[in-house]
Amino acid sequence: MTAKARNIGIEVNAPEGECNDPYCPFHGTLSVRGQTITGVVATVKMNRTVIVERDYLKYVDKYERYEKRSARYAAHAAPCLGLKAGDSVTIMECRPLSKTVAFAVIGKQKKV
Ligand SMILES: [Zn+2]
């Protein structure tokens, strides 16, 4: 496997580690395009797949207030990223990798 990470066309810092996962956006051949979403890793219990949760506010006309909503995305996480639950991550849309996975993790935000 090449040591140099691929340029995936978005301005993100390539992970420091390496891997030989064919579905890694940096070291494999998976291309990412479409939506980019930021969220928090909720679970890392699956093999090379994480659940990313995103909270957002939706305005409700009737009550003139916002309600809290959340959405969960299953995303492919290449081993080079070394994700843990609670990490803030950016995920990007890719081709469907399985029944539920159509996103890949492309970066981890540094803890402040
Ligand atoms: Zn990788």
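Quick notes
- Index of the failed condition, Pro79 passing every other in (1) more than 16 Å from Asn13 (Cβ to Cβ); (2) touching a strand residue (DSSP E or B) at 6+ places or on another chain (Cβ under 9 Å); (3) surrounded by 13 or more Cβ atoms within 10 Å (Cβ to Cβ): (2)
- Some residue of the stretch 11-34 being more than 14 Å from the chain's Cα centre (by Cα) and away from the ligand (no atom under 16 Å from the Cβ): yes
- Residue selected from the stretch 35-74 under the condition within 16 Å of the ligand (Cβ to nearest atom) and not β-branched (Val, Ile, Thr), by the criterion surrounded by the most Cβ atoms within 10 Å (Cβ to Cβ): Arg48
- Residues in the stretch 35-73 that are under 16 Å from the mean Cα position of the chain (by Cα) and at positive phi: 1 in all.
- Within the stretch 1-10, tally of residues that are away from the ligand (no atom under 13 Å from the Cβ) and open to solvent by 80 Å² or more (accessible area, probe 1.4 Å): 1
- All positions within the stretch 78-110 that are in contact with a Ser or Thr (Cβ under 8 Å, 6 or more places away or on another chain), at pLDDT below 95 and of a type in the set (D, E, K, R): Lys108
- Subset of the stretch 85-112 [open to solvent by less than 40 Å² (accessible area, probe 1.4 Å) and among the charged types (D, E, K, R)]: Asp87
The values are calculated or read from the model by the stated rules, or taken from the named source; none is laboratory data. Keep in mind the model is a prediction, meaning the values are calculated, not measured. Virtual Cβ from ideal backbone geometry, glycine too; neighbours counted across all protein chains shown. These accessible areas exclude ligands, DNA and RNA; they are computed on the full protein's heavy atoms, side chains included. Shrake-Rupley method; radii C 1.70, N 1.55, O 1.52, S 1.80 Å.
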